[in-house]
Amino acid sequence: MIYSISDCTNNVCVEGIVYKRRIFVQTINKAQVDSAPVVRQPWSASVAINFRRKRLAFFKSLIESLPRPLNILDVGGTQEFWEILGFLQDDIHLTILNTEPVEAKFPNVTTIVGDARDMRELKDKQFEVVVSNAVIEHVGNFKQQRQMAEEVQRVGKRYIVQTPNRYFPIEPHVLIPFFQFFPLKLKIFTATHTPNWGWKAVHIEELSTIRLMSEKELRSVFPGTRIFKENFLGLSKSFILYKGW
């Protein structure tokens, strides 16, 4: 999902395109790539793969427990995600909402253009399940995050929402400790003066728009939610919120 924004923080104004995490593995610019090539870190890749595997298994267990036919909305997702889960089936209809048009590759998939914060084109409780994986931290400030949460709960009878934990020490997009708490100028300085590796190569304009949420904030915008905590070394790395099961 992509959002156009204009944000000014600490006298630094940023205008541009906010990319979802799948687009984050890019360099700030070509010059930086030439001077500081990306170095792969097998340990971090292994950890990420392990979390992804467990997350997919949890998503799958929830959805498999529901009666068919099933009408699912994925906010900001991809068809490939559902192909991996094995849910591109005749008795499941999948609607995928993004802010850019995407061609549907499967007969039971509908792709639509919209805004997670205002899905007025969709009816109340239209879907058995609304799924959103790593999107709510990219839609803007807390007010806009609340708007997305309200829309997810309005259009779905159930929901599954995954997002990183604000208070996990390592910021998940750039892999820098406590990066989420830096003022914007320091974020830009750090991102442009630290050798890149993995997720640390991001676009400057994205730095002002990623807003991680705390468990307290998530519970306030998703009242009555259940939370599955993805833990690493005894700390909650991210949360999967779900309700309706």
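The values are calculated or read from the model by the stated rules, or taken from the named source; none is laboratory data. Just so we're clear, the structure is a prediction, and the values are computed from it rather than from any experiment. No Cβ is skipped: glycine too gets one built from the backbone with ideal geometry, and neighbour counts run over all protein chains shown.
Remarks
- Filter result for F58 (under 30 Å from N231 (Cβ atoms), in contact with a strand residue (DSSP E or B) (Cβ under 8 Å, 6 or more places away or on another chain), assigned to a helix (DSSP H, G or I) and aromatic (F, W, Y)): yes
- Of all the numbered requirements in (1) over 19 Å from T225 (Cβ atoms); (2) in contact (Cβ under 8 Å) with a residue 12 or more places away in the chain; (3) surrounded by fewer than 19 Cβ atoms within 10 Å (Cβ to Cβ); (4) within 17 Å of the chain's Cα centre (by Cα), E150 misses one, and that requirement is (1).
- Taking each residue of the stretch 182-199 that is more than 17 Å from P169 (Cβ to Cβ) and looking for partners that are of a type outside the set (K, R) and modelled with pLDDT of 75 or more with beta-carbon atoms closer than 7 Å, six or more apart or interchain, yields A191/V174.
- When residues of the stretch 85-96 are limited to those that are outside any strand (DSSP E or B) and surrounded by 13 or more Cβ atoms within 10 Å (Cβ to Cβ), the one farthest from the chain's Cα centre (by Cα): Q89
- Taken as a whole, the condition of being within 27 Å of K229 (Cβ to Cβ) and either at pLDDT 80 or above or not basic (K, R) (or both) does not apply to V12.
- Residue that is nearest to L241 (Cα to Cα), among those in the stretch 122-145 that are exposed (fewer than 12 other Cβ atoms within 10 Å of the Cβ) and over 21 Å from the mean Cα position of the chain (by Cα): D124
- Criterion violated by L70 - all others in (1) closer than 30 Å to D118 by Cβ; (2) at pLDDT below 65; (3) over 22 Å from the mean Cα position of the chain (by Cα) satisfied: (2)
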